[in-house]
Amino acid sequence: MIIAGLQKLTLIDYPGKISATVFLAGCNFRCPWCYSRELVLPEEIKKQPKILEKELFKFLEDRKGLLEGVVLCGGEPTINKDLPNFSERIKNLGYSVKLDTNGSNPKMLKKLIDSDLIDYVAMDVKLPKERYSELYSKVEDIEKSIKVLKENKIGFEFRTTVIPSVHTKEDFLKIAKWIEGPKIKYYLQNFRAEKTIDPKFEKIKPYPDKYLLDIQKSISPFFEVCKIR
Ligand code: SF4
């Protein structure tokens, strides 16, 4: 497990909790619009300063009682086989743990939930089901992760970054029909054109707010909560 970053305080990454965010390097996806290439591309990861596990745990020990949660994000945290043990050590310090995931490892997700090693999940749903092969060959994994979360054993949300030149309004209707449910929270996030994996996305302007509002309006009936971030 490579710890490539630590945000020592965040009030927005974990709903309702004052948290720290731990960035774990490595990802099994190569979303061309990804703006975390320093956490994804092996040649970029090499250049990143690393944080030792013992330094991280010392920090978390020291912040006990001040912070409430720890967000595990990436890259893709579930590519790390020792994630359950890592998360357990954080939980043993009294923190709640939120996992950010691309949903490609339903087995690990289920294990983490069933073993009470995470408390909240934010899962990216990047494309409609019929287009997922553009990013990842095993859409059935994504589908299984959606199902695991819909068992409602812990709090969760789905989210999509809305990317001009990739998504259309129709795509969001398809995604909504795929993941819909009475208790589902779904967030639309506007794209930021920053140091993307494929440099051509750095020139792309985000959709205007009105475009996202139109999408939100049309898909809100499929969810308990549908918001723009
Ligand atoms: S956007 Fe997420 S899933 Fe896609 S390459 Fe970047 S870190 Fe990986």
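Below 8 Å between Cα atoms, with a sequence gap of 6+, how large is the relative contact order for the chain in percent?
Values: 425 pairs, mean separation 40.3, N = 229.
Relative contact order of the chain: 18 percent.
Take the alpha-carbon centre of region 63-142, take the same for region 163-215, and report the distance between them in whole Å.
21
So which of K138/K177; K46/K138; K8/K50 end up more than 21 Å apart, counting from Cα to Cα? Walk me through the numbers on the way to the answer.
Values: K138/K177 19 Å; K46/K138 28 Å; K8/K50 15 Å.
Exceeds cut-off: K46/K138.
If you place +1 on the Cβ of every Lys and Arg and -1 on the Cβ of every Asp and Glu, how big does the dipole about the Cα centre of the chain come out, in debye to the nearest 20? Write out the running numbers ahead of the final one.
Values: 41 positive and 33 negative charges, 37 e Å.
Roughly 180 debye, rounded to the nearest 20.
Would you look at the GNM of the chain, springs on alpha carbons closer than 10 Å, and say which of V166, V97, V125 moves the most?
Of V166, V97, V125, the most mobile in the Gaussian network model is V166.
May I ask you to give the solvent-accessible area per residue for the chain, in square angstrom, as obtained with a 1.4 angstrom probe?
On the way: 11220 Å² over 229 residues.
Each residue of the chain exposes 49 Å² on average to a 1.4 Å probe.
For the chain, which cysteines have no disulfide-compatible partner, meaning no other cysteine Cβ under 4.7 Å?
C27, C73, C226
Exceeding 25 Å between C-alpha atoms, which entries from my cross-link table qualify? They are K81/K195; K129/K183; K169/K205; K110/K200; K98/K185. Walk me through the numbers before you get to the answer.
Details: K81/K195 29 Å; K129/K183 20 Å; K169/K205 17 Å; K110/K200 36 Å; K98/K185 15 Å.
Among K81/K195; K129/K183; K169/K205; K110/K200; K98/K185, the Cα-Cα distance tops 25 Å for K81/K195; K110/K200.
Hey, any idea what the orientation-averaged projected area of the convex hull of the chain's Cα atoms comes to, in nm²?
Convex hull of Cα atoms, orientation-averaged projection: 11.9 nm².
Compute the FRET efficiency between M1 and E134 as 1/(1 + (r/R0)^6), taking r as their Cβ-Cβ distance and R0 = 35 Å, and round to the nearest 0.05. Please list the in-between numbers first.
On the way: r = 29 Å, r/R0 = 0.82.
Given R0 = 35 Å and the Cβ-Cβ separation, E is 0.75.
Report the net charge of residues surrounding F29, where surrounding means a beta-carbon distance below 10 angstrom and charges are Lys +1, Arg +1, Asp -1, Glu -1. If you can, show how the numbers build up before the last one.
Details: positive: R30, K126; negative: E76, D124.
That works out to 0.
The values are calculated or read from the model by the stated rules, or taken from the named source; none is laboratory data. These numbers come from a predicted model, not from an experiment. All Cβ positions, even for glycine, are placed from backbone atoms using ideal geometry, and neighbour counts span all protein chains on display. We work out accessible area using only protein heavy atoms, side chains counted, and drop any ligands, DNA or RNA first. Shrake-Rupley method; radii C 1.70, N 1.55, O 1.52, S 1.80 Å.
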